[in-house]
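Here the structure comes first, spelled out in structure tokens, and everything after it is commentary.
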Amino acid sequence: MKRTFFTTLFLIIALTVTAQYFPVDTAKLNKAYVTLKQGICTEKTEMDFLEAFPTTWLEFYMTYSYINDENYDISMSQICSEHLITLLGLSHVNDTLLCKKVVNLTIGMKDNGECTGVYQDYLIGYIFKNEDLIINTLSKLRKGHQMEFWQFCWSSTCECNRAEHFNKIYNRNKDKYPEEMEISRIAYEHFYEGINYPNLLPHKEEEYNRKYYNRNYKYNFDGYTDSGDE
């Protein structure tokens, strides 16, 4: 029992002091990306990229997030937009497989940084081109997961006309997919200009501000503020 306890404790400490951890094989992902950028676009090379790309929001966040730390490798964060463009532009893979990847990636996602904002823009464009495929894929999921998908789509933390985007998608599909579009409508009603996502790493931000700006940082959940100027 003691041995198990100390082994677990050691693993926790080891993970804590590790500078960075990527849940996906970034070497494989970047290799597949470079191959596609070289113009070698086949079903196999595109599938290599699709399979290597993060599948869930947590994998995406841990792969591409930017953290203010001098020991943090920001190379993946810097290439995030290019990877997203490549993902949504795959043309040799099965459309259904790509759609499922996009849906799974989006469920639970939060627009908490530059890369997720970029993804939201690209995602809306992808939906416009694949409305029937997207909604049909969502229809096979539980209502809560459908809601999570649309919450990210309609949460607006940028100067963009999500209202126009929602109206177009809703009006074109409400008769064919009434239940699915009602979920989308509810998500729009509550999330369009109805939420500001807080920093997911407030303690890390606090440490950064103390170190580099020497200011008394305070994480105010109610106001989602990022400084303590009270």
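With a ≥ b ≥ c taken as the square roots of the eigenvalues of the C-alpha gyration tensor of region 99-141, please select rounded if a/c is under 1.5 and otherwise prolate if a/b is larger than b/c or oblate if it is not? In terms of gyration-tensor shape, oblate. Accessible-area rank, largest first, for Tyr192, Tyr33: Tyr192, Tyr33, with all protein chains present and a 1.4 angstrom probe.
Taking the centroid of alpha carbons for each part, region 108-132 and region 142-198 are 12 Å apart. The 1.4 Å probe gives accessible areas that order Asp111, Asp175, Asp95, Asp73, largest first, as Asp175, Asp95, Asp73, Asp111. Measuring only protein heavy atoms, the 1.4 Å probe finds Val34 accessible over about 70 Å². Rolling a 1.4 angstrom probe over region 52-195 with all protein chains present gives an accessible area of which 48% lies on carbon and sulfur atoms. Peptides 136-143, 86-93 ranked from most to least packed give 86-93, 136-143, packing being the mean of other C-beta atoms within 10 angstrom over each peptide's residues. Considering region 32-153, its Cα convex hull presents a mean projected area of 7.6 nm².
Per residue, the accessible area of region 16-119 comes to 50 Å², computed with a 1.4 Å probe over protein heavy atoms only.
The values are calculated or read from the model by the stated rules, or taken from the named source; none is laboratory data. As the structure is a computational prediction, the values presented were derived from the model and not from experiment. All Cβ positions, glycine included, derive from the backbone under ideal geometry; neighbour counts span all protein chains shown. To get the accessible areas, we keep the full protein, side chains included, count just its heavy atoms, and leave off ligands, DNA and RNA. Shrake-Rupley method; radii C 1.70, N 1.55, O 1.52, S 1.80 Å.
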